[in-house]
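Below: the structure, in structure tokens.
The values are calculated or read from the model by the stated rules, or taken from the named source; none is laboratory data. A quick note: this is a predicted structure, and the numbers were derived from the prediction, not measured. Counting neighbours? That spans all protein chains shown, and the Cβs are built from the backbone with ideal geometry, glycine included.
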Amino acid sequence: MFLEQLTGNLIQGIVLGAVYGMATMGLSLIFGVLKVVNVGHGAFIMVGAFVTLWLFNALGINPILAVPVAFAVGMGLGFIFYYTTMQRLIKAPELATLLATFSIGILLEELVKLTFGSEFRGYNWVVGKIDIGVTVLPMSKLYACIGSVIIALLLYLWFNKTRAGSAVRSVVEDSEGARVCGVNVGGAYALSFALGIGLTVASGVLLTMFIPVGINPYMGGGYTLKAFVIAVLGGLSSPYGAFFGGLAFGLIENGSYTLFALIPGVEPFALTRFLSFVMLLAILLIKPTGLLSTK
Amino acid sequence: MLTVKELESGYGPMQVLWKPSLQVKKGTITALLGPNGVGKSTFLSTVFGSVEPWGGTIHYVGEDVTNLPTHKKVEMGVALVPEGKHLFPNMNVYENLAMGAYVKKALEHKDESMEIVYSLFPRLKERQKQLAGSLSGGEQQMVTIARALMTKPKLMMLDEPSQGLAPVLVQSVFETIQKMRDEIGLTILLVEQNADAALNAAGYVYIMHEGLIKAEGKPEKIKGSSEIREAYLGI
């Protein structure tokens, strides 16, 4: 009985973890290329959630189709914020980029609040569920998981098989070296930032497919924190590391839930959150370059 | 081929270049010499475009390229071998060289350039699967020069190519530079602190001090003037 429950929870954990991982890839990409920590990460996830909500409730568009729309919106926002703000700050001290991304996050939250209001919203996408014996998976969660894996694979292919991808990789390795090879380094920064934001906004869609309720302008904060834990797990500067970090995080969150539930008088959900941050501290103490990084 | 007039640039509020002028003729090796910290590297970086010029003009093959971005210059055939190598440490030797053929024109000649590079540096062919970060200092310098060759340049600018190398290797770097001019037909602009080696290889020499050109001439003239040698080169 216990084992069955644990297996079921771990499967749920993998499904959730893939989405967590995908939701962190944008953060890691931006950090890896620009060495900028996007403190406004969660706000971009929130934008993705509102894109989904609006497309579904106002136009009746399927959340799966909202993924490319959100990605395009994110790319657009990314280019706008890069050229208006980040470009001037690349060479500035770290505090400047932290404050800038923090402000961008607040700006987005308040803009969405002005437009849509601050109440909690949700949508109701009926696609059924699938019973796999040990647990029951809603199809929407399964789609979110598959979507995350596909996006991670596409990013991998883009990085390794395209000319633009190789330019970005060379900038990550040595921007001066990339410059002497004729790479437009400024352009690679802009593209990476836009791509990172595009991925993040798209991940907002996938996360609402997981939890289609509680959508509000301030929903991003919790995701920012989780993304930091996952990014550190995965080695901070690698988007693939982030993806596997997300898987690990999903497994630990769900696995520990089952274990904590065995302790009488304990509220397991609160403890799983506590555990995440114990993990973050432990990793930073033991292996600050990230648990899954090779460096 | 390259004509620089009254170039000015610097970092932040600090001006480094105070209007030096310099000319590089096609098919020659021109050396810019002087002690550490007089603006030689800044000069190359400004000509290449990674440091923004504040004033003056840069003409390359007759065109005004003063404010052209670096990637446009690479496409026009200007290559820079930067100081401190700047290789891609987690890519292997082959991938590093392939990155050199990034601009469209270089990409069209990638296989051909690769053959030239491997005949010039047979060692790199043996090491092509090895990560650049794991090579010795001399081999890394070979990769840096080879990667610049992959961009299919007409003008190659080298920033302190002999820095940190053992005397034997310094000699082979200069032999390579002469080979690139004679066999590939490159024009070369060289910045060096190692005045002895550079004076033997170059056809024309400029001496820089405090962001200015203090002397210029054929290497025989520089070697013959004890005043110049003692004041600026310490040899």
Filter pass, A:R163 being at pLDDT below 95 and under 27 Å from A:K91 (Cβ atoms): yes
Residues that are surrounded by fewer than 21 Cβ atoms within 10 Å (Cβ to Cβ), of a type in the set (S, T, Y) and assigned by TED's automatic domain parsing to the domain that holds B:M1, drawn from the stretch B:45-99: B:S50, B:T57, B:T66
Check on B:I213, surrounded by 14 or more Cβ atoms within 10 Å (Cβ to Cβ), in contact with a strand residue (DSSP E or B) (Cβ under 6 Å, 6 or more places away or on another chain) and at pLDDT below 95: yes
Within the stretch A:202-227, considering residues that are more than 14 Å from A:G105 (Cβ to Cβ) and among the small types (G, A, S), the one farthest from the other protein chains (Cβ to nearest Cβ): A:G214
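Answer with yes or no whether B:I188 is surrounded by fewer than 20 Cβ atoms within 10 Å (Cβ to Cβ), closer than 30 Å to B:V93 by Cα, modelled with pLDDT of 90 or more and of a type in the set (A, V, I, L, M, F, W, C).
On the way: surrounded by fewer than 20 Cβ atoms within 10 Å (Cβ to Cβ): no; closer than 30 Å to B:V93 by Cα: yes; modelled with pLDDT of 90 or more: yes; of a type in the set (A, V, I, L, M, F, W, C): yes.
When the stated conditions are applied, B:I188 does not pass them.
Which one of B:L131, B:L44, B:L32 is on the phi < 0 side of the Ramachandran plot, within 13 Å of another protein chain (Cβ to nearest Cβ) and under 20 Å from the mean Cα position of the chain (by Cα)? Walk me through it before giving the result.
Numbers: B:L131 fails: under 20 Å from the mean Cα position of the chain (by Cα); B:L32 fails: within 13 Å of another protein chain (Cβ to nearest Cβ).
On inspection, the qualifying residue turns out to be B:L44.
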Evaluation of A:K141 against (1) among the charged types (D, E, K, R); (2) without any contact (Cβ under 8 Å) to a residue 12 or more places away in the chain; (3) within 20 Å of A:F210 (Cβ to Cβ) (one fails), failing number: (2)
Test result for B:E63, within 14 Å of another protein chain (Cβ to nearest Cβ) and acidic (D, E): no
Strands (runs of 3 or more DSSP E) lying entirely in the stretch B:1-66 (those with 3 or more residues that are in contact (Cβ under 8 Å) with a residue 12 or more places away in the chain and among the hydrophobic types (A, V, I, L, M, F, W, C)): B:2-11, B:14-18, B:29-33
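Select from the stretch A:175-201 the residues that are away from every other protein chain (no Cβ under 14 Å) and in contact with a Gly (Cβ under 6 Å, 6 or more places away or on another chain) and list them in ascending order.
The answer is A:F193, A:A194, A:G196, A:I197, A:G198, A:L199, A:T200, A:V201.
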Residue in the stretch A:120-159 that is farthest from the other protein chains (Cβ to nearest Cβ), counting only those that are over 21 Å from the mean Cα position of the chain (by Cα) and of a type in the set (S, T, N, Q): A:N124
Every residue from the stretch B:97-124 that is in contact with a Leu (Cβ under 9 Å, 6 or more places away or on another chain), assigned to a helix (DSSP H, G or I) and either hydrophobic (A, V, I, L, M, F, W, C) or facing chain A (nearest Cβ under 8 Å) (or both): B:L97, B:G100, B:M114, B:I116, B:V117, B:L120, B:L124
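Examine the stretch A:239-247 for a residue that is touching a Lys or Arg at 6+ places or on another chain (Cβ under 7 Å), at pLDDT below 95, part of a helix (DSSP H, G or I) and within 14 Å of chain B (Cβ to nearest Cβ), and state whether such a residue exists. If you could, list the steps in order and put the result at the bottom.
As a first pass, look at the stretch A:239-247 and keep what is touching a Lys or Arg at 6+ places or on another chain (Cβ under 7 Å): none.
No, the conditions are met nowhere in the stretch A:239-247.
Quick one: would you say A:L108 is surrounded by fewer than 18 Cβ atoms within 10 Å (Cβ to Cβ) and aliphatic (A, V, I, L, M)? Walk me through how you get there before you give the answer.
Numbers: surrounded by fewer than 18 Cβ atoms within 10 Å (Cβ to Cβ): no; aliphatic (A, V, I, L, M): yes.
In short, no.
Kindly provide the set of residues from the stretch B:205-228 that are under 23 Å from B:S9 (Cβ atoms) and either touching a Ser or Thr at 6+ places or on another chain (Cβ under 9 Å) or of a type in the set (S, T, Y) (or both), ordered by number.
B:V205, B:Y206, B:G211, B:I213, B:A215
Would you kindly identify the helices (runs of 4 or more DSSP H) lying entirely within the stretch A:155-227 that contain at least 3 residues that are surrounded by fewer than 21 Cβ atoms within 10 Å (Cβ to Cβ)? Steps first, please.
On the way: elements: A:163-173, A:175-180, A:185-210.
Fully inside the stretch A:155-227 and qualifying: A:163-173, A:185-210.
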